[in-house]
Amino acid sequence: MTEPEIAVRPATTADAESIARLYEELHDAEWHGRPPFPIAVEAFLDEVRTALAGSGVRVLVAVIGAEVVGTARVELASRPYGPIAEIRRVVVARAWRRRGIATRLMAAAEDTALALGTGNLRLTVVSSNDGARRFYAGLGYEEFAVRYRKRTARRATDGRGARAGSE
Ligand SMILES: CC(C)(COP(=O)(O)OP(=O)(O)OC[C@H]1O[C@@H](n2cnc3c(N)ncnc32)[C@H](O)[C@@H]1OP(=O)(O)O)[C@@H](O)C(=O)NCCC(=O)NCCS
């Protein structure tokens, strides 16, 4: 069987719904299919549209023909020591995993960061996401920090104090 042709390109607004569905899959993956709270796909759609409109933000998609099968995002941030690129929202559709698609997306994300002016790359993975951790380690990413969270019982002014997400 011949392998399908995979291409990675910048996302357009026409890809927004497909990307939002992939973000839903990512949300499930981070919580092992049992998210403590569901997020409506519309919320992810808002996130994608905001990202597509953002300066210093580049959204990439992996496509096979007309089908969007993966995505990744590069966000440029300035630090006192210079710019860094956060690689975020890396996800490949379940049916297409272990075919090198995320590897292609990461190569494109790194090229994108360089084109934005930095080779200083960062990303965050939920500690329990062993598959993703192995994936990034295989690409040469090293652990350098630990993120903490706390769900305070006090209510935030927007009423969402007890619903800290994975990020
Ligand atoms: C993590 C993820 C993006 C990897 O995508 P992918 O397209 O399957 O990755 P690749 O095929 O490029 O994998 C390259 C190599 O990484 C390693 N790897 C990838 N996924 C792995 C897994 N689940 N467990 C162990 N190693 C893994 C393997 O060494 C793999 O090579 P191999 O298939 O020849 O063994 C994908 O599993 C995914 O979308 N997961 C859900 C979302 C998520 O967790 N995203 C990361 C959060 S930041």
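The values are calculated or read from the model by the stated rules, or taken from the named source; none is laboratory data. Quantities reported herein were computed from a predicted structural model and do not represent experimental measurements. All Cβ positions, even for glycine, are placed from backbone atoms using ideal geometry, and neighbour counts span all protein chains on display.
Points worth noting:
- Residue identified as buried (at least 19 other Cβ atoms within 10 Å of the Cβ), of a type in the set (Gly, Ala, Ser) and not in a strand (DSSP E or B) among Ala62, Ala102, Ala43, Ala85: Ala102
- Hits in segment 126-155 (condition: more than 10 Å from the ligand (Cβ to nearest atom) and charged (D, E, K, R)): Glu142, Glu143, Arg147, Arg149, Lys150, Arg151, Arg154, Arg155
- Applying a threshold of 7 Å to beta carbon distances and a minimum spacing of six or more residues, or different chains, the list of pairs starting in segment 93-108 at a residue that is closer than 19 Å to Glu24 by Cα and ending at one that is within 6 Å of the ligand (Cβ to nearest atom) and of a type in the set (Val, Ile, Thr) reads Ile101/Val92; Ala102/Val90; Ala102/Val92; Leu105/Val90.
- Filtered residues of segment 5-19 (kept if more than 12 Å from Glu67 (Cβ to Cβ) and within 14 Å of the ligand (Cβ to nearest atom)): Val8, Ile19
- Only one entry of Val48, Val74, Val59 meets the criterion of being modelled with pLDDT of 95 or more, among the aliphatic types (A, V, I, L, M) and under 16 Å from Ala7 (Cα atoms), and that entry is Val59.
- Taking every residue in segment 120-131 that is among the aliphatic types (A, V, I, L, M) and pairing it with any residue that is modelled with pLDDT under 95 and surrounded by 13 or more Cβ atoms within 10 Å (Cβ to Cβ), at least 6 positions away or on another chain, the pairs with Cβ-Cβ distances below 7 Å are Val126/Glu30; Val126/Ser166.
- The number of residues in segment 87-125 being away from the ligand (no atom under 13 Å from the Cβ) and among the β-branched types (Val, Ile, Thr) comes to 2.
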